[in-house]
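Participant: One structure, as structure tokens, below. Some questions next.
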Amino acid sequence: MSNHIKPIGFIGIGLMGNCLVKRLIKKEYTINIFDKNKDNLKDFMNKRRILLSTSPAKLSQDCDVIFICVDNTKSVADVIFQENGIIKNASKNTIIVDLSTTLANETVNFSNKLSTEKGASWIDAPMSGGPDKALNGSLAVMIGGEKKDR
């Protein structure tokens, strides 16, 4: 990419992810999205400021800030560490913001592994509130991570 601002990456376009991406679009961000279930992407086909990624690895090549909003700890691990996962192209510039509700000890392990192998940063950011609050920007998000990354 050239000297323009990189798009925000967003993985997991389920009920909450869909609403969060719509909110980001309203705020005029460019979003690069991925979901393993292609049906979840249909609301965003041919929309301005939306890019569709073919894998988490490709998304991590094109985006420095990547939000993950998936259903459980195993899904977070898959998105990051599988063959076509984020870790493939992550770098010291990569910041993962995990909005998923995951097991705390596993989140720490994921963060340490990503940091050790790629120099990437991790922010644990589970949410409280449903899709309506995601759309209107009133979710509560609990942020945890290294001070330099917050």
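The values are calculated or read from the model by the stated rules, or taken from the named source; none is laboratory data. All of these numbers come straight from a predicted model, not from anything done at the bench. We place every Cβ from the backbone using ideal geometry, glycine too, and count neighbours over all the protein chains shown. Just the protein is used for accessible areas: all its heavy atoms, side chains included, with ligands, DNA and RNA removed. Shrake-Rupley method; radii C 1.70, N 1.55, O 1.52, S 1.80 Å.
Participant: Considering only DSSP states other than H, G, I, E and B, which trypsin sites (Lys or Arg not before Pro) in the stretch 62-118 qualify as loop sites with at most 16 other Cβ atoms within 10 Å?
Facilitator: Qualifying residues, ordered by number: K92.
Participant: Moving to a separate point now. Name the GluC sites (Glu not before Pro) in the stretch 79-150 that are in a loop by DSSP and that have at most 15 other C-beta atoms within 10 Å, would you?
Facilitator: E83, E146
Participant: So how strong a dipole does the chain carry about its Cα centre when Lys and Arg Cβ are +1 and Asp and Glu Cβ are -1, to the nearest 20 debye?
Facilitator: 500
Participant: Solvent-accessible area per residue for the chain at a 1.4 Å probe radius, Å²?
Facilitator: 56
Participant: While we're on this one: Binning at 5 angstrom from zero up to the longest distance, how are the C-alpha pair distances of the stretch 1-121 distributed in percent?
Facilitator: Pairs per bin, as whole percents: 2, 12, 23, 26, 19, 12, 5, 1.
Participant: Provide the FRET efficiency to the nearest 0.05 for the S91-K38 pair, computing r from the beta carbons and using R0 = 30 Å.
Facilitator: FRET efficiency, S91 to K38: 0.60.
Participant: Right, something else. List the lysines whose Cα sits under 26 Å from the Cα of K26, skipping any in the same chain fewer than 8 residues away.
Facilitator: K6, K36, K38, K42, K47, K58, K133
Participant: Still on this structure, I have one more. For the chain, what % of the accessible area comes from carbon and sulfur atoms, probe 1.4 Å?
Facilitator: Whole-percent figure for carbon plus sulfur exposure: 51.
Participant: Quick one: check the C-alpha center-to-center distance for the stretch 19-45 versus the stretch 64-117, whole angstrom.
Facilitator: Answer, in whole Å: 19.
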